[in-house]
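**Q** Got a structure for you, written out below as structure tokens; questions coming shortly.
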Amino acid sequence: MIYDNNVACNISKEQDYLNKKNIFDIFHFLLSHVIVQQPTNPIQYLYELLDDFILFRSGLKNPRLLWTKRHVDAIFGNVLSRDSELLPLDDYKIAMKTLSVHYDPCPVQVVPGYIDRQTFCTEALNNMKKELMRIANETI
């Protein structure tokens, strides 16, 4: 097998470009929405989603997050022990990973080692917005 250094160099440059512009993250964002929503007209849905993404990046529209407060609240309820309204930090981390959200490993704790529903929902939604903002700003 003959290996051409020019081909490897071009692939490396192209890969670097895709990484710098967050193209993979943008595609993940778009495809995740399509999978979750399963729109009847996916092309139109993607067009509107990308338009909303651009408006969000410009500060003209709120982000279209993959998960809403209702979803986040449901995850909290599913992970929560039946006899408590507080979530242990280990379960908090599992729930955040379930949502595929970057999270603060030491959020505000009502009782040491435990967080409440409000903190969980706020952390999840704020971190989803931050991640989308990071993707949007780095594409410029």
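**Q** With the checklist (1) at pLDDT 90 or above; (2) within 18 Å of the chain's Cα centre (by Cα) in hand, flag the one item residue 100 doesn't pass.
**A** It is condition (1) that residue 100 fails.
**Q** Moving to a separate point now. Taking segment 96-126 only, how many residues are touching a Leu at 6+ places or on another chain (Cβ under 9 Å) and part of a helix (DSSP H, G or I)?
**A** 5
**Q** Six or more apart or on different chains, Cβ atoms under 8 Å: show the pairs whose first residue is in segment 41-57 and over 23 Å from residue 134 (Cα atoms) and without any contact (Cβ under 8 Å) to a residue 40 or more places away in the chain and whose second is in a helix (DSSP H, G or I) and not basic (Lys, Arg).
**A** 42/34
**Q** When you look at residue 128, is it in contact (Cβ under 8 Å) with a residue 12 or more places away in the chain and closer than 23 Å to residue 56 by Cα, yes or no? Give the derivation first.
**A** On the way: in contact (Cβ under 8 Å) with a residue 12 or more places away in the chain: yes; closer than 23 Å to residue 56 by Cα: yes.
In short, yes.
**Q** One residue is enough: does segment 68-90 have a residue meeting the conditions aromatic (Phe, Trp, Tyr) and either modelled with pLDDT under 90 or closer than 21 Å to residue 134 by Cβ (or both)?
**A** Our first condition is that a residue be aromatic (Phe, Trp, Tyr); within segment 68-90, this holds for 76.
Checking which are either modelled with pLDDT under 90 or closer than 21 Å to residue 134 by Cβ (or both) leaves us with none.
No, segment 68-90 has no match at all.
**Q** Also, quick follow-up: Would you call residue 135 within 25 Å of residue 61 (Cβ to Cβ) and either out of contact with any Ser or Thr (no Cβ under 7 Å at 6 or more places or on another chain) or surrounded by 14 or more Cβ atoms within 10 Å (Cβ to Cβ) (or both)?
**A** Numbers: within 25 Å of residue 61 (Cβ to Cβ): yes; either out of contact with any Ser or Thr (no Cβ under 7 Å at 6 or more places or on another chain) or surrounded by 14 or more Cβ atoms within 10 Å (Cβ to Cβ) (or both): yes.
Taking the combined requirement at face value, the residue satisfies it.
The values are calculated or read from the model by the stated rules, or taken from the named source; none is laboratory data. Bear in mind that the values here come from a model prediction, so they are computed numbers and not experimental data. In this analysis, Cβ positions are derived from the backbone assuming ideal geometry, glycine residues included, and neighbour counts consider all displayed protein chains.
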